[in-house]
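To start, the structure itself, in structure tokens.
The values are calculated or read from the model by the stated rules, or taken from the named source; none is laboratory data. Values in this document were obtained by computation on a predicted structure and should not be read as measured data. No Cβ is skipped: glycine too gets one built from the backbone with ideal geometry, and neighbour counts run over all protein chains shown. Just so you know, the surface numbers come from the protein's heavy atoms only, side chains and all, with ligands and any DNA or RNA stripped out. Shrake-Rupley method; radii C 1.70, N 1.55, O 1.52, S 1.80 Å.
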Amino acid sequence: EIRQRLAAGDQSSADFQELLGLIHQRLALVSRSDGLVGDVHHLHAIEAFALAERINPENPLPHYARACAHASWGEMDDALMALQQAVALGFSSASWLMENPDLQSVQELPEFQRILSRLREGSGSAGT
């Protein structure tokens, strides 16, 4: 129902936040799934984040959420690319990057550290 409303052009903030909530629920399923079932859930989560990106292309949060999904699945390059896109769109919370356990797998990588440094230099510890 939400996807239909958003596809029809109803892009209110409440609908978008509800969609992000559903996407995060899918990501939680992914992290608890194994084998082929986990692969299917992971693909659905990535597709849902990509849909959210298309629906609201100026919002950095779907990119951030997709980065978390990729990182939790060990897809480091895709995670870092999505994180860079989120930052380019205005994501500014260095604390979210450091506190989110989904990003733990990329936190020691040089590119992640560069992103984190840019956010800290721009006072990105509080914000989206």
- Item | Residue among 91, 49 that alone is touching a Pro at 6+ places or on another chain (Cβ under 7 Å), assigned to a helix (DSSP H, G or I) and buried (at least 22 other Cβ atoms within 10 Å of the Cβ) | 49
- Message: Looking only at residues that are surrounded by 18 or more Cβ atoms within 10 Å (Cβ to Cβ) and charged (D, E, K, R) in segment 60-87, which one is nearest to residue 120 (Cα to Cα)?
- Response: 66
- Filter result for residue 96 (aromatic (Phe, Trp, Tyr) and touching a residue at least 40 places away in the same chain (Cβ under 8 Å)): no
- Query: Considering segment 103-128 alone, what residues qualify as being open to solvent by 50 Å² or more (accessible area, probe 1.4 Å) and not small (Gly, Ala, Ser)?
  - Reply: 104, 108, 109, 110, 113, 114, 118, 120, 121, 128
- Message: Filter segment 67-83 down to the residues that are farther than 13 Å from residue 97 by Cα and either charged (D, E, K, R) or modelled with pLDDT of 95 or more (or both) and list them by number.
- Response: 75, 76, 77, 78, 81
